[in-house]
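The values are calculated or read from the model by the stated rules, or taken from the named source; none is laboratory data. No experiment lies behind these values; they were computed from the predicted model shown. All Cβ positions, even for glycine, are placed from backbone atoms using ideal geometry, and neighbour counts span all protein chains on display. Protein only, heavy atoms only, side chains kept; ligands, DNA and RNA dropped before computing areas. Shrake-Rupley method; radii C 1.70, N 1.55, O 1.52, S 1.80 Å.
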Amino acid sequence: DAALAVWAGVLAEATGRDVRDEPAAGAAGGLGAALLALGARRESGAGLVRRLLGLDEALDAVAAEGGLAVTGEGSFDWQSLRGKLVTAVAGAAAERGVPCVVLAGQVSVGRREAAAAGVDAAYSVSEHAGGIEASLADPAGTLSALAEHVARRWGGSRGDR
């Protein structure tokens, strides 16, 4: 904290812009402060990826076909609900009435919390595989098996889940 305070003072003196109280100024050891002091603008990483990948257009097509949005996360936890890409996908899907499921290595978010973020269901690779060790022994195989399970579960009529 003391080093970041000194850094903020150096930046303010060099650029004429005091960014010490700006959100993300302390990120990456003060790199965020340097970028902000030099005129960079803050943008949500999830929003940026959403825009660059054309997520809204893709979800419009999914909505027109009555499909399903599938997104993933290494660990679907409380941090996932704080602006990560998984919640951007779920929120955009919910705006269009498209159900959204999450496939994750581990899931520690409750159903109510997930639903509030627009997630209809979350599936754990490690739980489906019978444990973390089993899922790590064949990550591609266990993820494929879970994806197949989810496809069977969500591929039929929406009342069959």
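Just a few scattered comments:
- Residue match in the stretch 127-136 (condition: of a type outside the set (G, A, S), touching an Asp or Glu at 6+ places or on another chain (Cβ under 8 Å), farther than 28 Å from D56 by Cβ and modelled with pLDDT of 95 or more): no
- Screening the stretch 25-87 for helices (runs of 4 or more DSSP H) wholly inside it with 1 or more residues that are open to solvent by 80 Å² or more (accessible area, probe 1.4 Å) and within 30 Å of R112 (Cβ to Cβ) returns the ranges 45-53, 55-65.
- Looking across the stretch 12-24, the residues that are assigned to a helix (DSSP H, G or I) and either touching a His at 6+ places or on another chain (Cβ under 6 Å) or open to solvent by 50 Å² or more (accessible area, probe 1.4 Å) (or both) come down to E13, A14, T15.
- Set A88, A129, A92: member being in contact with a helix residue (DSSP H, G or I) (Cβ under 6 Å, 6 or more places away or on another chain) and closer than 29 Å to G26 by Cα: A88
- If you go through the stretch 88-110 and keep only what is assigned to a loop (DSSP other than H, G, I, E, B), under 19 Å from L55 (Cβ atoms) and open to solvent by 20 Å² or more (accessible area, probe 1.4 Å), you end up with R96, G97.
- Qualifying positions in the stretch 110-134 - within 16 Å of the chain's Cα centre (by Cα) and either under 29 Å from A64 (Cβ atoms) or among the polar types (S, T, N, Q) (or both): A114, A115, A116, A117, G118, V119, D120, A121, A122, Y123, S124
- Residues of the stretch 111-139 classified as among the charged types (D, E, K, R) and either within 18 Å of V150 (Cβ to Cβ) or open to solvent by less than 70 Å² (accessible area, probe 1.4 Å) (or both), total: 4
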